[in-house]
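Student: Dropping the structure in here first, questions after.
The values are calculated or read from the model by the stated rules, or taken from the named source; none is laboratory data. The model shown is predicted, which means the values in this text are computed figures rather than measured ones. Every residue, glycine among them, receives a Cβ derived from its backbone with ideal geometry; neighbour counts consider all protein chains shown. SASA here: full protein model, heavy atoms, side chains in, ligands and nucleic acids out. Shrake-Rupley method; radii C 1.70, N 1.55, O 1.52, S 1.80 Å.
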Amino acid sequence: MIGALPDFRLETWFSRWEFAAAHTFTASDTETMSVADLLALAGRSVDEIAGMDLGYRPTYGTRELRDAVAAQYEVIGSDDVLTFAGAQEALFWLLAELLAGGGHAVVTVPNYQSVETVPLASPASVSGLPLWTGSGADLRWILDLDRLVSLLRTDTRVVVVNFPNNPTGFVPDQDTFRALALLCHDRGIVLVCDEVYRGIEVDPATTLPQAADLTPSAVSVNVMSKSYGLPGLRVGWVAAQDRALLDRLERRKHYTSICNPGLTEHLAAIALSVGGAVHARNRAIVAANITLVRDFFADFPDRFEFEAPAGGCVSFPRYLGAEGPEVFARRAIEEAGVLTLPASIYASALADVPTDRIRIGFGRTSLPATLAALRSYLENQP
Ligand SMILES: Cc1ncc(COP(=O)(O)O)c(C=O)c1O
């Protein structure tokens, strides 16, 4: 099973600063909304919430929510969906279960830490697949399938990817992604795809298919937190055609959350029923914010080198200032109240993640005020 887990660097940084910061320039979610606004958007009444009972719900998730999730997929049906407390619980049990018997896993780097540290704490051995080629100003984000093939072993059980990627905003092209899914399936490898940032791509041509729709063995992980902007629901899910795997995961969930709150599964189903409108709202916020960020960074060419992300609401620009990204991030939060993430948060045991970067986020409507605070800080530095 799973051995000792290290501190989750990103969450530890957020424990210290997320709710103390005056300005968050590194949120990974999009603008949230009130319960009343969500219900109004869906033409529903607050009374139906007030009348809900607070009893347990099925571990698999309510039929209402599983139907609403399945409606987001082409092939996946509602029996192919198991809900979890956020994407975090889903990733934890999925990786722990798939690697409980050892073997080998490949994980893309940089990554959201649990997809690396849960496999490393399992009996399996783990290899990193860097998502870049080149370095410094010449670095390019890339999904290199030849490099992946060179890492595969006869006992490779899992390949873990996350597109749109946190922290880079990278999305591979459609053909490469489909080839990845087929490659894994042909070799009997489970492709685990974390798709939590999917759906708000500014150019819809970059929106990838969902892995679980592509092959009988691929698994999609998703959540209401990021592109839907509703992290407080704590509703995530695993979608997979492999029902035996879902049954095994249901048994594991009995040890942690048992079930999600019925209230938030109901609200999640309502949000998914107007999912296109929620995504459209958040896509518009992200598109406008990317322009603001690009213009802002253009005013500080000696400090920042920014590439707009292909998807999602985060990116990993270079920080060129002499003091480096670690000192910059610490001073920005301590002296200006502006929260960013320094590159060290994304350090990996599997590959040398570029150290000249900061993780930023731009899914929230507070971004203009955040940029104003950062501008005033930068312009008043000695
Ligand atoms: C790529 C990725 N996966 C999973 C999660 C966890 O999501 P949640 O907080 O909804 O459980 C995050 C949160 O930042 C993330 O960035």
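Student: Can you tell me which residue is farthest from ALA42 (Cα to Cα) among those in the range 271-291 that are surrounded by 15 or more Cβ atoms within 10 Å (Cβ to Cβ) and in contact with a helix residue (DSSP H, G or I) (Cβ under 7 Å, 6 or more places away or on another chain)?
Tutor: Ranking the qualifying residues of the range 271-291, first place goes to ASN289.
Student: Might you check whether a residue that is within 12 Å of the ligand (Cβ to nearest atom) and open to solvent by 40 Å² or more (accessible area, probe 1.4 Å) occurs anywhere in the range 173-193?
Tutor: The answer is no, given that none of the residues of the range 173-193 is within 12 Å of the ligand (Cβ to nearest atom) and open to solvent by 40 Å² or more (accessible area, probe 1.4 Å).
Student: Take VAL126 and tell me if it is at pLDDT 95 or above and either open to solvent by less than 10 Å² (accessible area, probe 1.4 Å) or within 16 Å of the ligand (Cβ to nearest atom) (or both).
Tutor: Considered against the rule, which asks whether it is at pLDDT 95 or above and either open to solvent by less than 10 Å² (accessible area, probe 1.4 Å) or within 16 Å of the ligand (Cβ to nearest atom) (or both), VAL126 comes out as no.
Student: Working carefully through the options LEU233, LEU214, find the one that is more than 16 Å from the chain's Cα centre (by Cα) and either near the ligand (Cβ under 9 Å from one of its atoms) or among the aliphatic types (A, V, I, L, M) (or both).
Tutor: Residue meeting the stated conditions: LEU214.
Student: Taking the criterion of being within 18 Å of ILE258 (Cβ to Cβ), touching a strand residue (DSSP E or B) at 6+ places or on another chain (Cβ under 6 Å) and among the hydroxyl-bearing types (Ser, Thr, Tyr), would at least one residue in the range 54-67 satisfy it?
Tutor: yes
Yes/no per residue for (1) within 16 Å of the ligand (Cβ to nearest atom); (2) open to solvent by 50 Å² or more (accessible area, probe 1.4 Å); (3) closer than 30 Å to ALA288 by Cβ; (4) not hydrophobic (A, V, I, L, M, F, W, C):
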{"site": "TYR60", "(1), (2), (3), (4)": "no, no, no, yes"}
{"site": "TRP93", "(1), (2), (3), (4)": "yes, no, no, no"}
{"site": "THR108", "(1), (2), (3), (4)": "yes, no, yes, yes"}
{"site": "ALA121", "(1), (2), (3), (4)": "no, no, no, no"}
{"site": "ILE142", "(1), (2), (3), (4)": "no, no, yes, no"}
{"site": "VAL149", "(1), (2), (3), (4)": "no, yes, no, no"}
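Student: Search the range 10-39 for residues being open to solvent by 70 Å² or more (accessible area, probe 1.4 Å) and modelled with pLDDT of 95 or more, and hand back the single one that is nearest to the ligand (Cβ to nearest atom).
Tutor: Filtering the range 10-39 for residues that are open to solvent by 70 Å² or more (accessible area, probe 1.4 Å) and modelled with pLDDT of 95 or more, the one nearest to the ligand (Cβ to nearest atom) comes out as THR32.
Student: Still on this structure, please answer the following. List the residue pairs whose Cβ atoms are under 9 Å apart, where the first residue sits in the range 174-202 and is within 27 Å of ALA96 (Cβ to Cβ), the second is of a type in the set (Asp, Glu), and the two are 6 or more positions apart or on different chains.
Tutor: Qualifying pairs under 9 Å: VAL190/ASP242.
Student: A further question follows. Considering only residues of the range 67-86 that are over 12 Å from VAL219 (Cβ atoms), open to solvent by less than 20 Å² (accessible area, probe 1.4 Å) and in a helix (DSSP H, G or I), which is nearest to the ligand (Cβ to nearest atom)?
Tutor: Within the range 67-86, the match that is nearest to the ligand (Cβ to nearest atom) is GLY86.
Residues are listed down the side, and each one gets a yes or a no for (1) open to solvent by 20 Å² or more (accessible area, probe 1.4 Å); (2) among the small types (Gly, Ala, Ser); (3) in contact with a helix residue (DSSP H, G or I) (Cβ under 7 Å, 6 or more places away or on another chain):
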| residue | (1), (2), (3) |
| --- | --- |
| ASP295 | yes, no, no |
| PHE306 | yes, no, yes |
| GLU326 | yes, no, yes |
| ALA329 | no, yes, no |
| PRO342 | no, no, yes |
| TYR346 | no, no, no |
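Student: A further question follows. How many of the residues in the range 348-375 are small (Gly, Ala, Ser) and assigned to a loop (DSSP other than H, G, I, E, B)? Walk me through how you get there before you give the answer.
Tutor: First, pick out the residues of the range 348-375 that are small (Gly, Ala, Ser): 348-349, 351, 361, 363, 366, 369, 372-373.
When the remaining residues are screened for being assigned to a loop (DSSP other than H, G, I, E, B), the result is 348-349, 351, 363, 366.
Of the residues in that region, 5 qualify.
Student: Which one of the conditions (1) over 26 Å from TRP141 (Cβ atoms); (2) exposed (fewer than 15 other Cβ atoms within 10 Å of the Cβ) does ALA336 fail to meet, given that it meets all the rest?
Tutor: (2) is the only condition that ALA336 fails.
Student: Suppose the filter is in contact (Cβ under 8 Å) with a residue 60 or more places away in the chain, open to solvent by 10 Å² or more (accessible area, probe 1.4 Å), within 16 Å of the ligand (Cβ to nearest atom) and under 14 Å from ALA70 (Cα atoms); does GLN241 pass it?
Tutor: Against the criterion (in contact (Cβ under 8 Å) with a residue 60 or more places away in the chain, open to solvent by 10 Å² or more (accessible area, probe 1.4 Å), within 16 Å of the ligand (Cβ to nearest atom) and under 14 Å from ALA70 (Cα atoms)), GLN241 does not qualify.
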